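Before any comments, here is the structure.
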Amino acid sequence: MTSPESIPDFVRASGSYRDPEGFVFFQGDRVFRALTKDGLASYHDFRQSPLSQWLEEENWVTRTWEIDDAASAGAIVAKFPEITGFIEQSRIPFISYPYEWSFDMLKDAALHTLDLLLHSGQYGFTLKDAAAYNIQFLGYRPIFIDILSMAKYVPGTPWAGYTQFCQQFLFPLALTAHRGVPFQHFLRSYPEGIPLHVMKPLLGGFGWRKAGMFKHVILQSFFQTGFQNSNPALKSSFQSLKFSLDHVTALVRTMKKVITQLSSSSPKSHWAGYSENRSYTAPEIEAKQGFVEKHLQDIQPSSVWDLGCNTGEFSLIARKYADLVIAADADPESVNRLYRYCRENRISGILPLVLDVTNPSPGLGWNNLERQGFLDRGKPTVVFMLALLHHLCVTHNVPFEYIFNLLQVIETQYVVMEFVPKSDPMVKKLLANREDVYPWYTLSAFESEAFKHFSLVDRHELPTGKRVLYCLKRRGH
Amino acid sequence: MRKTIGAFFIGIILVEPDYALAYIDPSAGGLLVQILLGGIAGIGVLVKLYWGKLTKLFRKEKNDKP
């Protein structure tokens, strides 16, 4: 039996303060939950139900186990006297947030939450909330991580997470499906979900005609604003209505129908077709794939970040050699394609994320610590920057120095990069309608900056063009 | 049933309260939607809630008279 005391220092998860029944803390690589008396009782109820075993076996929820000698966890109990028990839970390799997910990721997370509610209902259990942050991704598979949210249903109570579900799942999905607007920036601006008063105007004049929108947006907004001053106590109403699990289940089923019908309708992405339209010849593609594969074989990385992954051609190679591949791209549609490809072909080991390298997710929420910034969430062994440099330098005016500075911040051990010269058709296209204010964008300037911070492992000129591939190793590592 | 719900909404829209950017209980609207979906009895609860607003409207008019 392990005790959290075995490592004296613990770090409380900064985002874990809402639930009065306990909080998450870390010790090294391990994740624990400290529970109050009520939290522990609720956890015991859950563990004693056949539901918990089924959910764990099916990988619907993260695995948890109780730590018996809680009394020895002195450091925590001394600081939080209300804590009476501890559980440990399996660690998620890389935490991601809803504003980094693609459409189908958020949709699958929504359906997972609803399925969990429906299935738990059969055992008399429900979820205390419906936060999208309670879902994480193990590759393409969503998994529920907040075991403390699982509680026995109390007769005469509503679906507690209804509004939260609308704001964190339904509204962002509907925004993309019905209006063609990517939801990611909205969820980043509203970490608690898109508020009703913001969603209603975003829905547009005829949006209410779409499935579920009148009920969940217009009507809910109407009621909300209608009673904001009187704020009636509605607890007794639910009891007098004899509101039951059947009512909750019916509402969840209706919601599931609405969510299932939603599909991404964003205009055809420029980037999603990029891997088919790019200017490489077949021997060049082969050479590039060979170069990447050879160095992954040599490095045997534990994690790879493929920045500007497009539809993930090189992430798919990297997953063969790394335990975890973060496939990040700023284009939601490309990321969605990769996610769907992995899901349909059951390819694990890749976590696709919508992420703009020029503006990675910052720390958000209370004290900017509640949701960690992307760059603070892990240290990769290898970073890929393939066919990305010219976009950063020419489209975004990012100097070479800044790029290598970012790689230093990321603390990657290796970087596999591609230099695309001005003579390349793709760069010519980028320069077609802008003044060439990039006299510094040369191979020699690139190399001179690169070698200040990294040593050369390998350099390879692609056969027909003038593109150059590099495998670089950070100095001092 | 649909007609009843329709008539009910025409009724409540007529007594729509003032919209103001005050603090909004984030779940009040959600709870009321769930009450409505609770069936006929739920509609009864809502009618009761709106009845207060309706009578308040008439009371106001009466008070306005010199």
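Some observations on this one:
- Partner chain coverage, peptide A:217-223 - average Cβ within 10 angstrom: 6
- Pairs spanning more than 18 Å between alpha-carbon atoms, out of A:K288/A:K428; A:K288/A:K429; A:K288/A:K320; A:K235/B:K48: A:K288/A:K428; A:K288/A:K429.
- Placed amide H near A:G139: partners under 5 Å, 5+ positions off or other chain: A:G349
- Surrounding net charge for A:A177, when Lys and Arg each add one and Asp and Glu each subtract one, Cβ distance under 12 Å: +2
- Label-point separation in nm, A:R343 to B:L54, each point 7 Å along Cα→Cβ: 4.6 nm
- Close amide H pairs (under 5 Å, H built 1.01 Å from N) link A:G85 with A:L35, residues at least 5 positions away or on another chain.
- Length gained on full extension, A:E82 to A:N367: 100.1 nm, using 0.36 nm per residue less the C-alpha separation.
- Rounded to whole Hz, the Karplus (6.51, -1.76, 1.60) HN-Hα couplings of region A:133-139, x for glycine and proline: 5, 6, 9, 10, 10, 9, x
Readers should treat all values here as calculations from the given coordinates under stated rules, not as data from a laboratory. Note that this is a predicted model, so its numbers are computed, not measured. Reconstructed Cβ throughout: ideal geometry from the backbone, glycine too, with neighbour counts over all protein chains shown.
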